[in-house]
């Protein structure tokens, strides 16, 4: 640091006597040396090349980039100062204020805070408007203290209007040569006492200015140190509680988010066009939105900007475009990484309340999208600020926005044939019309909803089918866990997804559970309605409404019937179950009921819940995911490198879906996107059959 300061004083003195062109060469040599770029190999270059090489070892990459950026602004300002001096020009005050911040050399000095304290301030903090105000205030305090001190000292030598020049980090005020000559002759008549008094006053004011500068720098250093201590105040806690991920995790490179998202920006061409959308709601709504975005971007020949998937108990709710755009932009965890170190036994800071409730992972961690990338461009977008778009050379004038005001404002259609008013969507947008948009970025709002894209052309239907095939949960590590659970049930079992938790599912939970129970017995095991009614009437623990005298009305699944799958093989006479169940003896009703049943549900304690009792009574070998603690323990050490959170809690629903998808037959809750995904995509893909298309 001292070497840099000495070298900076040297070029400061040198450029004071140089022309504009010579000052530009000097400052360019200084910049090339600092940055380690090829240069003119002059003494100035070699001196700063040596200093820069040593500084890079102590600076973090982002902090050093900011230091170079501040040095560039300083170099440009010094060059301009020489040009102004050469032309005997004085800037207007309004322009001079901002210009003075750069000529003072204070800003490169402030970057040394991170160097001295050996940490990097997050970009989100650097770009914060309040920090920028503090940054400019500190710069102005130092710079204007120098100016004021210099003026008080030099105004005694001349009352003429000065021009401005830089000298050793402070300003002195120079009048033109003619005025200076006059001033000297006028001042020569002053007595010695008066001159001596002026010099003593100037020395005192100089000392005062130095004190103010030191106090200002101490203030900023204290701020930097306080921030560093703030973000590391729990660093010593829970270090021993962080387990290592299982060995098989590292072998497949699972959830390796150490590579910064967006690194594939290097492959972006000048003529590329992009499509972006705003994600929200739970996983399956995010998945449907991504599926629609993949289809739409391919049809429009645009590179898709893919957001991460948000997992956990804090989904982003839908809002109108303007509100949702702000919400998504603020939904990351930048600047909050210290929250992962907070012990649950300690008082949780306000900013950390939601930190443990959700996490972000790449879609590539869950699904194999490599096949899709062969045919279309995909760039991960973890940052929804306009500043990030600048990396794609996109400015505000390059963006065409389609703003929705409700969740079902727009749908996109590929044909006018048979197009009529839709009761769900307010407006229909022709995809051909959108294809005419020439803007570099097409920014959409929500894209969730399986009927968001109304496709009728064969080539577009085929495209959507191919994309849906690639939306299968296929992470090798999670698949192995699902397979181990499947083997524990003998690889021959039924599955049911019972959703009861919220909204319409809570209101209709009794009807939904009864329909699932009936479908398992009728569609999966082949019992007729009379047999099922008899079993239903003999149940003493039934929880749905008064036992009806007739079978429920079960609507046929028309989209699934359009894509028939091969007939299932006959059930075996016995089942080889490798996991303890309640009763291994044949069920008194029928041997078919001895088949294991895997129930995937959002009910917290399903084995004791009244709604689940009819399943337990009919199927003595009923299992839940929580029954397979040993198989699931392989996930205990899995940690997200993005935010430091344990991933097991967030990944259990995917294992749940995978196990259900591997069943002999699966029945879901009507209207559930989770059920539709398991039945239409996972179950059929895992069995090698054609998927079901809806929408």
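Since every read-out is calculated from the coordinates, none of them should be taken as a lab result. From a predicted model like this one, the values you see are computed outputs, not experimental measurements. Cβ placement follows ideal geometry from the backbone for every residue including glycine, while neighbour counts extend to all protein chains displayed.
Note on residue 636/residue 451: beta-carbon distance plugged into 1/(1 + (r/R0)^6) with R0 of 45 Å gives a FRET efficiency of 0.65.
Available extension along the chain between residue 429 and residue 694 is 93.5 nm, counting 0.36 nm per residue and deducting the alpha carbon span. Sorting 616-622, 494-500 by average packing, meaning the other beta carbons within 10 Å per residue, from highest down gives 494-500, 616-622. Measuring between their Cα centroids, the range 503-523 and the range 651-695 lie 17 Å from each other.
Going 7 Å from the Cα of residue 578 along its beta-carbon direction, which residues of the range 640-659 have the amide nitrogen within less than 17 Å of the resulting point? Only 659 pass the distance filter. Legend: calculated FRET efficiency, residue 137 to residue 511, from the Cβ-Cβ distance at R0 = 45 Å, rounded to 0.05, equals 0.10. Could you let me know the centre-to-centre spacing of the range 449-476 and the range 355-400, using Cα atoms, in angstrom? One Cα centre to the other: 20 Å.
Peptides 533-539, 623-629, 681-687, ordered by how many other C-beta atoms sit within 10 Å of their residues on average, highest first, read 681-687, 623-629, 533-539. Among 504, 658, 489, sorting on how many other beta-carbon atoms sit within 10 Å of each Cβ, with the fewest leading, yields 504, 658, 489.
Looking at the calculated P(r) for the range 476-686, what percent of the C-alpha pair distances fall above 27 Å?
Summing the P(r) of the range 476-686 above 27 Å gives 31 percent of all pairs.
FRET efficiency for the residue 346 to residue 402 pair, using the beta carbon distance and R₀ = 60 Å, is estimated at 0.85.
Counting other Cβ atoms within 10 Å as a rough exposure proxy, the listed residues 689, 518 run 689, 518 from fewest neighbours to most.
Annotation for residue 13 and residue 144: the two label points, set 7 Å from Cα along the Cα-Cβ direction, are 3.1 nm apart.
Look at 49, 334 and count the other Cβ atoms within 10 Å of each Cβ; fewest to most, that gives 334, 49. Taken over the Cα atoms of the range 255-469, the convex hull encloses 135 Å³ per residue. Working from Cα pairs under 8 Å separated by at least six residues, relative contact order for the range 255-469 is 33 percent. For the range 282-307, backbone nitrogen atoms closer than 17 Å to the point 7 Å from residue 354 Cα along Cα-to-C-beta are found at 282-283, 286.
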